[in-house]
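Structure, as structure tokens:
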Amino acid sequence: MATSDLLRHQKINSLMAQPPEKVADAAIDLWGKMAIQIISIVGEGGFNSLYARSVFLTQASFPWLAPADLSSRQDQRFAQLKTSFAGQTPAQAGAANSLLLITFTDILATLIGEPLTTSILRSAWGNDASDSAGKEFTNE
Amino acid sequence: MNRNDNDGGASDVDDLGQPGGISQGKDRLPAGLEKERKRRESAVIDDEAAVLRRENLASTREDAAHVRENAAGLREDAAHLREGAAQAREGEAHVREGAATAREREIRAAEMTQAASDDQMIRLRQVNAHLVTATIEAHKLAEQVETAKVELDHLAHHDVLTDLPNRILLQDRLGQAIELARRQGRQLAVMFMDLDQFKHINDSLGHAVGDQLLQSVAQRLVGCVRHSDTVSRQGGDEFVLLLPYIEHAEDAALSAQKMLAALALPHSIDRHDLHIGVSIGISIYPDDGQDAETLIKNADTAMYHAKENGRNNYKFFEQDMNARAVQRQSIEACLRRALERQEFVLHYQPKINLHSGAIVGVEALIRWQHPQHGLLPPAQFVPIAEDCGLILPIGRWVLREACLQARAWQDAGLQPITVAVNTSAIEFRAKDFLENVRATLADTGLEPRYLELELTESVLMRDAASTDSMLHALAGLGVKLAIDDFGTGYSSLSYLKQFPIDTLKIDQSFVNQITSNPDDATIVSAVIGMGKSLRQSVIAEGVETAEQYAFLLGQQCDEGQGYYFGHPVAAEALATLLQTGISTTFPH
């Protein structure tokens with residue numbers, strides 16, 4: 001479990017390792033893709049609960065993160081998150097989003113187990129990660 | 001047909017009416033007959049031809065009829081065939097309809113299955129959403145419960161005001177430290193700290209300022225110790241410090257000095273720069289006690305000695321200190337018995353009208369007629385009574401006794417005078433204080449205007465709103481009100497104007513110096529002037545010399561009290577003074 005967690009965390013960190021100008025967009029892109037997969041399983045309500053909880057927990061480390069106020073419009077779902085990132089340096093925004101994703105997926109893994117979580121994330125983010133962490137992730 | 005019928009009739013019967021006549025007359029008949037015969041033969045031939053033709057025609061017609069019959073049969077067959085074909089087509093149509101119906105049923109079933117599947121998916125998603133939300137909520141609740149448990153545990157072991165460890169946690173840590181020190185053969189120190197004159201600040205500036213001061217003190221104490229040390233608040237203005245790791249007793253002395261220095265700096269609170277000292281008592285394990293309780297008790301005892309030694313210092317516990325602590329305990333127990341056995345007495349010090357020399361009132365002063373130690377002044381037991389709460393029943397006794405005595409003097413025919421009773425903060429804030437005053441006056445039959453309550457500035461200025469309502473309630477009863485020890489506390493002039501105060505009693509510390517210290521003289525003059533401006537009576541306390549009396553008289557002070565006019569005396573002696581007149585007791 002610990003190794004698996006580590007790999008999932010590494011995967012998230014590697015996906016967030018983006019050029020500064022792309023950090024915010026990459027973050028929102030990851031959330032969008034993951035949201036589609038998770039909403040298809042647990043619905044909007046379930047996703048919103050998970051997301052709100054994750055933001056709350058991440059605010060302990062990044063207090064500037066706006067409280068979750070998810071729009072029902074798919075294209076606007078993470079507008080507030082993006083606004084939060086816009087007020088920060090790319091490094092801060094990247095670190096915050098990594099932690100937010102890790103927190104989110106950690107909670108998800110406690111609810112549905114690591115294998116299912118990994119499967120969902122694979123569907124959301126694909127298997128074509130170029131780094132070693134991603135390879136390990138896909139070879140789990 | 002008719003023609004044929006006619007023809008037929010002619011051919012069957014000849015003209016003579018004889019059958020076969022033609023063949024017998026052939027050779028012998030004349031030409032005419034021959035001709036007739038020929039004509040008749042020709043006619044027969046014609047008839048035969050006609051018959052033939054008719055037969056042919058009949059055959060033809062029969063044939064035609066046959067043909068028609070055949071045709072009809074064919075038509076019938078064809079019709080049968082058509083019917084068969086139609087039936088076959090109908091059958092086929094039925095089959096195809098059945099197939100179509102079956103297909104439609106299948107499609108409908110498939111559609112229904114698909115719709116059911118979609119509904120099921122939606123329901124599953126909804127169920128999942130609820131499960132996720134419920135689980136998240138359950139996590140949150142569990143977290144809140146855990147947080148509440150941690151907070152409760154923290155609250156159970158920490159002081160709410162300062163967030164320092166409380167008595168329970170100190171006991172625990174001290175117990176563990178003693179065990180460790182015992183195993184390792186080491187020493188540890190317990191320091192009992194009590195703030196000096198904190199009550200004075202609390203009474204005069206209010207609990208809010210007092211609380212902030214305690215928080216400030218707590219912060220400074222924590223700043224003076226190591227992480228391994230424990231600073232705890234025991235309650236009130238008492239703190240206990242545990243130093244679990246000391247090499248020598250001198251280490252504790254160094255810590256004490258450090259704390260005295262830290263607390264020496266003023267505390268800036270609510271626009272006040274407050275100075276507060278601390279008296280520290282130190283006990284050392286194992287010399288001064290083997291258990292937590294003994295070590296704390298002995299440090300407390302040492303702290304009292306530090307206070308008696310001039311405050312704002314520290315003292316190590318010594319065994320003979322216990323004797324004095326025991327004495328204090330003994331006084332407390334004796335005070336309780338004294339109340340029951342009515343060992344308290346009141347003495348009365350006259351208040352003089354400076355212009356006429358007449359006694360206008362007395363101040364009731366409590367004494368303790370101790371069975372072994374004789375007559376004890378209030379300084380020896382009132383602070384202890386205040387500490388242990390006995391001041392309330394003692395105060396009620398004083399009030400009743402003073403009222404009874406004043407009424408008794410009046411009943412004895414002596415001139416009516418005002419009797420003044422000192423009222424402590426604890427009594428004044430007691431819920432039943434007003435009711436007790438009212439009931440005491442009613443029970444003793446003393447007119448309220450002959451009772452004066454003396455309150456210090458610190459009592460009055462704390463919580464001005466409730467003070468104001470209480471003072472007005474007392475004034476409403478007709479009771480007189482005086483500010484005692486005026487000039488030594490913190491008075492707000494606006495409250496002074498607002499409160500229904502009748503008299504200002506100038507503190508004796510100013511009066512003592514009025515003839516030698518121009519500043520004190522100025523203060524006394526100013527207070528007299530202010531009192532007159534506010535239409536309040538002014539009385540000078542502690543008048544001991546003729547010079548002081550003369551000064552006060554010159555400043556138009558109304559009244560005086562002090563040894564110059566008379567010491568506190570028993571009720572009987574005071575009655576004598578009232579009878580004889582005070583003017584004879586001091587020179588004018």
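Just so you know, all these numbers are worked out from the coordinates, no wet-lab data involved. From a predicted model like this one, the values you see are computed outputs, not experimental measurements. Positions of Cβ are generated from backbone atoms using ideal geometry, with glycine treated the same way; all protein chains shown enter the neighbour counts.
Observations
- Between B:Tyr490 and A:Ala86, the simple label model (points 7 Å from Cα in the Cβ direction) yields a spacing of 5.2 nm.
- Total charge dipole magnitude, the range A:24-108, about the Cα centre, Cβ charges on Lys, Arg, Asp, Glu only, Debye to nearest 20: 40 debye
- Total charge dipole magnitude, chain B, about the Cα centre, Cβ charges on Lys, Arg, Asp, Glu only, Debye to nearest 20: 380 debye
- Evaluated at q = 0.11, 0.12, 0.14, 0.22 Å⁻¹: base-10 log I(q)/I(0), Debye formula over Cα of the range B:154-239: -0.35, -0.41, -0.54, -1.09
- Computed lengthening from B:Glu343 to B:Glu247, 0.36 nm per intervening residue step minus Cα-Cα distance: 29.5 nm
- Loop-located trypsin sites (Lys or Arg not before Pro) in the range B:149-215, at most 15 other Cβ atoms within 10 Å (DSSP): B:Arg186
- Cβ-Cβ distance of B:His272 and B:Asn309, R₀ of 30 Å, FRET efficiency by 1/(1 + (r/R0)^6): the value works out to about 0.60.
- Cross-link partners for A:Lys33 among the aspartates and glutamates, with Cα-Cα distance under 18 Å and sequence neighbours closer than 8 places in the same chain left out: A:Asp25, A:Glu44, A:Asp75, A:Asp106, A:Asp128.
- For the range B:102-115, 3J(HN,Hα) computed residue by residue from phi via the Karplus equation (6.51, -1.76, 1.60; θ = phi - 60°) reads 4, 4, 4, 4, 4, 4, 4, 4, 5, 5, 5, 4, 5, 4 Hz, glycine and proline entered as x.
- Our note on the geometry: Cα centres of the range B:246-267 and the range B:83-129, 95 Å apart.
- Amide N of the range B:416-452 lying under 19 Å from the label point, which is placed 7 angstrom from the Cα of B:Gln579 along Cα→Cβ: B:416-417
- Rg ratio (alpha-carbon, reference 2.2 N^0.38 Å) - the range B:480-522: 1.29
- Normalised contact order of the range B:323-463, rounded percent, pairs of Cα under 8 Å and 6 or more residues apart: 21 percent
- Among B:Met121, B:Met461, the ranking by other beta carbons within 10 Å of each residue's beta carbon, starting with the fewest, stands as B:Met121, B:Met461.
- Placing a pseudo-label 7 Å from each Cα along the Cα-to-Cβ vector at B:Gln410 and B:Glu572 gives an inter-label distance of 2.5 nm.
- Cα-based radius of gyration for the range B:200-256, normalised by 2.2 N^0.38 Å, reads 1.34.
- ³J(HN,Hα), Karplus 6.51/-1.76/1.60, whole Hz, each residue of the range B:292-297, x for Gly, Pro: 4, 4, 5, 4, 5, 4
- Taking the convex hull of the alpha carbon positions in the protein assembly as shown and averaging its projected area over all directions gives 83.8 nm².
- The range A:1-110, Cα convex hull volume normalised per residue, Å³: 94 Å³
- Ordered by the count of other Cβ atoms within 10 Å of each Cβ, fewest first, B:His267, B:His373 give B:His373, B:His267.
- Nearest-20 debye value, the protein assembly as shown charge dipole, Cβ charges on Lys, Arg, Asp, Glu: 360 debye
- Look at the stretch B:122-130: the mean tally of other chain Cβ atoms within 10 Å of its residues' Cβ atoms is 5.
- On Cα atoms only, tilt of B:518-533 relative to the major axis of chain B in degrees: 60 degrees
- Out-of-range pairs (alpha-carbon distance over 22 Å; input B:Lys199/B:Lys497; B:Lys199/B:Lys307; B:Lys480/B:Lys505): B:Lys199/B:Lys497
- Using θ = phi - 60° and Karplus 6.51 cos²θ - 1.76 cosθ + 1.60, couplings along the range B:206-220 (whole Hz; Gly, Pro as x): x, 5, 4, 5, x, 5, 5, 5, 4, 5, 5, 4, 4, 4, 5
- Semi-axis lengths (Å, descending) of the ellipsoid that matches the C-alpha gyration tensor of the range B:449-541: 24, 13, 11
- Using R0 = 45 Å, the C-beta based FRET efficiency linking B:Leu534 and B:Arg226 works out to 0.20.
- Going from the residue with the fewest nearby Cβ atoms within 10 Å to the one with the most, B:Tyr314, B:Tyr564, B:Tyr450 rank B:Tyr564, B:Tyr450, B:Tyr314.
- Peptide A:47-53 is shielded by partner chain Cβ atoms: per residue, an average of 5 of them sit within 10 Å of its Cβ.
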